[in-house]
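Structure record follows, encoded as structure tokens.
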Ligand code: ADP
Ligand code: MG
């Protein structure tokens with residue numbers, strides 16, 4: 001049975017345009033994310049993908065329309081979600097451990113529990129031994145693993161990812177895609193539902209159960225969503241791990 005986790009209904013978003021007019025970015029968006037689904041969101045640059053993700057995260061309020069999380073309207077930061085960014089967004093002055101703990105700090109979790117859960121998440125992404133390293137001492141792939149650990153440590157119901165592999169070289173990106181699939185299949189991972197923004201059709205086909213395509217009409221930035229390909233059952237491309245790091 002399909003259990004809806006996120007429901008977006010008649011969502012419109014206008015921004016103030018650079019010359020003072022209105023810039024319509026999202027136009028009448030409707031979709032549902034069901035429990036356990038990996039859904040890719042494809043679209044050209046500037047089509048509004050990041051904007052849509054921020055609405056699901058509750059970081060932006062719609063001009064009109066609604067986002068619901070498990071039946072309740074989202075009116076502020078959505079506690080059921082965690083976000084992973086293209087640029088990793090790590091704090092350079094904090095260690096791996098401290099960066100991962102950041103996700104928990106905002107949720108009022110005790111120091112002892114934060115420590116334990118952060119170590120577990122760091123271990124889960126294969127970075128045990130690097131707890132006290134600083135981001136600048138790590139490769140791009142390792143930094144994004146820290147990003148994964150920071151997102152997964154809160155055990156988010158829904159993981160939102162904004163082009164998480166696009167800053168990485170192709171081999172490292174494929175390794176991390178494989179690791180993501182393994183993490184999602186891992187019995188200790190609470191997160192099963194994913195909304196993945198990407199501009200790579202191959203990535204969407206490899207990772208997603210469903211693909212939503214955000215359309216851009218020149219001048220109006222009008223968005224439409226369509227469902228495309230199903231994912232093959234075993235989507236891991238093997239052999240990359242041995243080539244990287
Ligand atoms: P994508 O992630 O698909 O590349 P974005 O969601 O970042 O697209 O942006 C969609 C459009 O909205 C772009 O034209 C962008 O300039 C505009 N935009 C995004 N955020 C803001 C903002 N905070 N204020 C004004 N315009 C914005
Ligand atoms: Mg974007």
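The values are calculated or read from the model by the stated rules, or taken from the named source; none is laboratory data. Given the structure is predicted, the values throughout are model-derived calculations rather than measurements. Positions of Cβ are backbone-derived with ideal geometry, glycine not excepted, and every protein chain shown enters the neighbour counts.
General observations
- Selection status of residue 152, within 18 Å of residue 79 (Cα to Cα) and within 16 Å of ligand 2 (Cβ to nearest atom): no
- Scanning segment 164-204 for residues that are closer than 19 Å to residue 123 by Cα and assigned to a helix (DSSP H, G or I) returns 172, 175, 176, 177, 178, 179, 180, 181, 182, 183, 184, 185.
- Looking across segment 28-48, the residues that are within 16 Å of ligand 2 (Cβ to nearest atom) and more than 18 Å from residue 209 (Cα to Cα) come down to 29, 44, 45, 46, 47, 48.
- Hey, residue 146 outside any helix (DSSP H, G or I) and within 24 Å of residue 53 (Cβ to Cβ) or not: no
- Any chance residue 115 is more than 16 Å from ligand 1 (Cβ to nearest atom) and over 20 Å from the mean Cα position of the chain (by Cα): yes
- Scanning segment 115-126 for residues that are within 20 Å of residue 159 (Cα to Cα) and surrounded by fewer than 21 Cβ atoms within 10 Å (Cβ to Cβ) yields a count of 6.
Yes or no, residue by residue, for (1) surrounded by 12 or more Cβ atoms within 10 Å (Cβ to Cβ); (2) at pLDDT below 60; (3) more than 20 Å from residue 149 (Cα to Cα):
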| site | (1), (2), (3) |
| --- | --- |
| 189 | yes, no, no |
| 202 | no, no, yes |
| 206 | yes, no, yes |
| 220 | no, yes, yes |
| 230 | no, yes, yes |
| 238 | no, no, yes |
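- Of the criteria (1) in a loop (DSSP other than H, G, I, E, B); (2) within 16 Å of ligand 2 (Cβ to nearest atom), which one residue 212 fails: (1)
Residues are listed down the side, and each one gets a yes or a no for (1) within 16 Å of ligand 1 (Cβ to nearest atom); (2) more than 14 Å from the chain's Cα centre (by Cα); (3) closer than 16 Å to residue 36 by Cβ:
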site	(1), (2), (3)
155	no, no, yes
160	yes, no, yes
175	no, yes, no
178	no, yes, no
181	no, no, yes
184	no, no, yes
193	no, no, yes
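- Scoring residue 53 on the criteria (1) within 15 Å of ligand 2 (Cβ to nearest atom); (2) out of contact with any strand residue (DSSP E or B) (no Cβ under 8 Å at 6 or more places or on another chain) leaves a single failure, condition (2).
- Considering residues of segment 64-79 that are part of a loop (DSSP other than H, G, I, E, B) and under 17 Å from the mean Cα position of the chain (by Cα) only, the residue nearest to residue 157 (Cα to Cα): 79
- Test: residue in segment 44-58 that is in contact with a helix residue (DSSP H, G or I) (Cβ under 6 Å, 6 or more places away or on another chain) and closer than 25 Å to residue 176 by Cβ: no
- Residues that are away from ligand 2 (no atom under 16 Å from the Cβ), in contact with a strand residue (DSSP E or B) (Cβ under 9 Å, 6 or more places away or on another chain) and over 20 Å from residue 42 (Cβ atoms) within segment 11-23 comprise 12, 14, 16, 17, 22, listed in sequence order.
- Residue list for segment 91-103, filter: within 15 Å of residue 120 (Cβ to Cβ) and at pLDDT below 90: 103
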